[in-house]
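One structure below.
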Amino acid sequence: MKSIVNVFWISLLLGCNICLAQEDKMFKSLEEALSVPADSVYRLDLSRNKLTAIPAEIYRFTNLRELDLSKNKLASLPKEFHFKDLRILHLTKNKFEEFPEAVCQNTSLRNLFMGKNNIKIIPDCISNLKDLIVFDIWFNPIEELPESLTQLRNLRSLDLSGITFTKEQQEKWAKMLHWVKIEFEPACKCN
């Protein structure tokens, strides 16, 4: 009887280790992720897939913590783009001309990468992302930053490389976001 109990505890412990290992696994395709139970997919890399729309199947992965959609052809995100535990979202090098407001529904986000798109305005809903620590939005034609960024008290890194701001704008934002390390290009002498 004692050996049966020991086998039970060992298998239970091994099962938990397998679960923990699964949380670290990065699934490199939708097909690979769909081959396991949906609740065991925590990290998914769909970069470089020439996606023009979000595959409906990703909504099965309710435990997603990291999603890489970089280097695709996405121009928008659907309103239902919401994952309760999503912490890392990669949208770099897509075709966004507007900041997808659906991103603001993902209030667990800690790292948001949106560099090299064509975004001109960051909406006020960015203030919903209270847990955001890293916000990379480099090489977008942003003319002004929203006041709502000042509500992100956990923000530590803001990458604005490749965006031209005047010295006055840079000084204003460095002062308003004094707790944040901001990456600026050299100031322009523009109007």
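The values are calculated or read from the model by the stated rules, or taken from the named source; none is laboratory data. Quantities reported herein were computed from a predicted structural model and do not represent experimental measurements. Cβ atoms come from the backbone with ideal geometry, glycine included; neighbour counts cover every protein chain shown.
A few notes on this one:
- Output for the stretch 155-175, where each listed residue is farther than 19 Å from residue 112 by Cβ and not in a loop (DSSP other than H, G, I, E, B): 166, 167, 168, 169, 170, 171, 172, 174, 175
- Test result for residue 82, under 13 Å from the mean Cα position of the chain (by Cα) and surrounded by 16 or more Cβ atoms within 10 Å (Cβ to Cβ): no
- The set of residues in the stretch 15-31 that are at pLDDT 95 or above and exposed (fewer than 10 other Cβ atoms within 10 Å of the Cβ) contains only 31.
- Test set (1) out of contact with any helix residue (DSSP H, G or I) (no Cβ under 7 Å at 6 or more places or on another chain); (2) modelled with pLDDT of 95 or more - residue 144 fails condition number: (2)
- Test: residue in the stretch 156-172 that is of a type in the set (Ser, Thr, Tyr), touching a helix residue (DSSP H, G or I) at 6+ places or on another chain (Cβ under 6 Å), modelled with pLDDT of 95 or more and more than 20 Å from residue 51 (Cβ to Cβ): no
- In the set (1) part of a loop (DSSP other than H, G, I, E, B); (2) surrounded by fewer than 20 Cβ atoms within 10 Å (Cβ to Cβ); (3) among the polar types (S, T, N, Q); (4) modelled with pLDDT of 95 or more, residue 150 fails one condition alone, (1).
- Among the residues making up the stretch 109-140, a single one is surrounded by fewer than 20 Cβ atoms within 10 Å (Cβ to Cβ) and on the phi > 0 side of the Ramachandran plot: 116.
- Some residue of the stretch 180-187 being over 18 Å from residue 111 (Cβ atoms) and buried (at least 16 other Cβ atoms within 10 Å of the Cβ): yes
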